[in-house]
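Beneath this line is the structure, given in structure tokens, with notes to follow.
The values are calculated or read from the model by the stated rules, or taken from the named source; none is laboratory data. None of the values given here were measured: they were computed from a predicted structure. For neighbour counting, all protein chains shown are included, and Cβ atoms are generated from backbone atoms with ideal geometry for every residue, glycine included. The protein model used for the area step is the full one, side chains on, heavy atoms only, and it has no ligands, DNA or RNA in it. Shrake-Rupley method; radii C 1.70, N 1.55, O 1.52, S 1.80 Å.
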Amino acid sequence: MPEPTFILPKILYFSLTSAGCILSFLSVYLSQVLAMPATQIGVILATTPLVLMIGNPFATALADRLGAHKYFVAATLTGAIGLTLLIFLRPPFPLLLAGTALVALLRNPSYPILDALVLAMLGDKHKDEYGRQRLWGSIACGVSTAFIGWLIDWMGNLEAMIWGHVGFLAVFLVALNWLPVSSLREGREHDEEAYFSPIPGEDPDRHPVLPSEEDGALKGADEEEDELFKQSSIEQSDLGDAEEGIQPTSPLIEDASNTSLSPISSRKSSASAQISVFTSNVRPLLTDPAVLFFYSLIYIMGTSVAVVDSFLYLFLSNQMGASNTFLGIVKFFQVGMEIPCFYFSKQIMRKIGVRNMLLLAQVILVIRLCGYGLLPAVGSVWFALPSESLHGVYYGIMWAGAVRFMDDRAPPALKATAQGVLSAVYGGLAQASGALIGGWWWDKLEGRIIPLFWGLAVANGAYFGLFALCRTRHTESSRNRLVVPS
């Protein structure tokens with residue numbers, strides 16, 4: 001029997017990612033059309049990820065609570081489209097800032113909820129096909145941005161970016177209506193937890209895993225580490241913590257059916273039980289040392305990428321004279337390598353494991369940042385293309401591994417919430433930090449952004465070196481305890 005093609009998820013990722021990638025021209029639009037200084041541009045660009053960081057976990061938790069994920073996204077995106085069109089009135093900075101925050105609050109939850117809906121649609125049998133659905137977002141990003149860049153030059157009007165953004169969101173809403181899964185309650189059941197450790201010694205059965213028929217491949221990649229962990233006492237304590245993080249639903253049923261309670265006290269007991277279950281379920285996502293290390297790794301990479309995404313276009317346009325058509329081509333190269341990386345993410349994950357996927361992504365990011373540092377010496381905007389191509393390799397490997405880790409780690413009732421937390425760290429806190437740092441640096445040094453790229457390369461390299469040093473020094477002690485670098 002042939003494998004299913006899953007056409008609809010591909011359309012959803014294509015349209016939604018196109019809408020987001022087109023906004024790569026936003027810094028140029030704010031600078032050239034609205035004549036904003038770089039500090040204000042940094043604040044505007046930081047608003048969306050800050051709102052994402054604060055609002056996404058609550059919005060995705062609300063969607064989980066309502067149990068109507070598809071209709072939640074449809075309602076919020078419709079409101080975001082209407083508010084986005086108000087930018088044509090060219091409001092002053094305070095109103096633009098407030099409008100940007102409100103649009104971000106409505107639009108941002110659609111990304112993690114879509115990830116959760118698609119994973120639920122794929123089910124346990126096909127969830128490792130996620131990368132092959134997500135790669136269509138990479139295709140969309142390159143194609144749509146290149147097209148909009150050409151359209152802006154042809155029309156001589158940067159407002160084409162806004163119309164393109166709204167148009168792709170409208171296409172997404174139409175396609176979303178046909179998605180067969182409207183709620184994660186209709187999706188698959190949670191099977192196994194993921195486990196992430198910054199040192200050798202974790203159990204492959206708790207490492208982000210593939211379906212059971214493929215477990216052998218992952219075990220082959222980490223066989224020596226498996227034996228170390230199986231001899232350690234940390235396994236039992238961690239398993240106990242994990243079991244406490246996934247509570248059965250029977251307390252809710254017992255409270256609701258206890259005839260000795262009055263209706264009011266019964267409802268109060270049920271509500272208290274629900275809060276208790278939610279708190280115990282979400283605790284591992286916020287307190288587990290291994291998960292916290294994962295967040296720190298994602299944060300430093302996300303901050304570095306945010307500086308590049310926020311101000312590279314402005315640098316190429318204002319400092320090196322690049323056209324909007326060329327900027328569109330840059331984006332095409334940026335996401336081009338995401339396609340094969342997402343497509344083969346299943347094989348990469350099976351070969352090296354999720355932990356090593358994330359570390360490999362950080363090495364690639366360091367090389368990319370160093371490439372940007374050489375731009376002034378070379379003196380040609382075309383030299384940016386090789387470094388932009390490395391972004392696709394970095395992001396394709398990093399994001400497929402990160403989404404899989406969070407999906408496997410999350411309790412069944414908090415799948416969308418887990419993706420929301422991931423988006424809050426990478427797309428929220430890290431992106432906001434990068435935009436603010438980049439805007440301040442640009443104004444302070446009058447557009448000389450290249451030294452910042454070099455500094456970020458050094459920071460990522462130092463972080464990776466610290467990680468490697470901790471692994472080397474604590475291999476023996478990892479037999480009895482989990483060590484996370486501070």
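Could you say whether any residue in the stretch 294-310 is open to solvent by 10 Å² or more (accessible area, probe 1.4 Å) and closer than 18 Å to Gly392 by Cβ?
Within the stretch 294-310 (the criterion being open to solvent by 10 Å² or more (accessible area, probe 1.4 Å) and closer than 18 Å to Gly392 by Cβ), the answer is yes, since at least one residue qualifies.
Condition check for Tyr111 on (1) open to solvent by less than 60 Å² (accessible area, probe 1.4 Å); (2) of a type outside the set (Asp, Glu); (3) closer than 24 Å to Tyr426 by Cα: one failure, at (1). For first residues located in the stretch 457-476 and of a type in the set (A, V, I, L, M, F, W, C), partners that are outside any helix (DSSP H, G or I) and modelled with pLDDT under 65 and lie 6+ apart or on another chain with Cβ distances below 7 Å form the pairs Leu466/Pro485; Phe467/Pro198; Phe467/Pro485; Cys470/Pro198; Cys470/Ile199; Cys470/Val483; Cys470/Pro485. All conditions in (1) open to solvent by 30 Å² or more (accessible area, probe 1.4 Å); (2) without any contact (Cβ under 8 Å) to a residue 40 or more places away in the chain hold for Thr76, with the sole exception of (1).
On the stretch given as the stretch 152-172, residues that are open to solvent by 30 Å² or more (accessible area, probe 1.4 Å) and part of a helix (DSSP H, G or I) total 8. Taken over the stretch 409-423, the residue count meeting the criterion of being part of a helix (DSSP H, G or I) and surrounded by fewer than 24 Cβ atoms within 10 Å (Cβ to Cβ) is 2. Going through (1) open to solvent by 10 Å² or more (accessible area, probe 1.4 Å); (2) in contact (Cβ under 8 Å) with a residue 40 or more places away in the chain one by one, Thr287 falls short only on (2).
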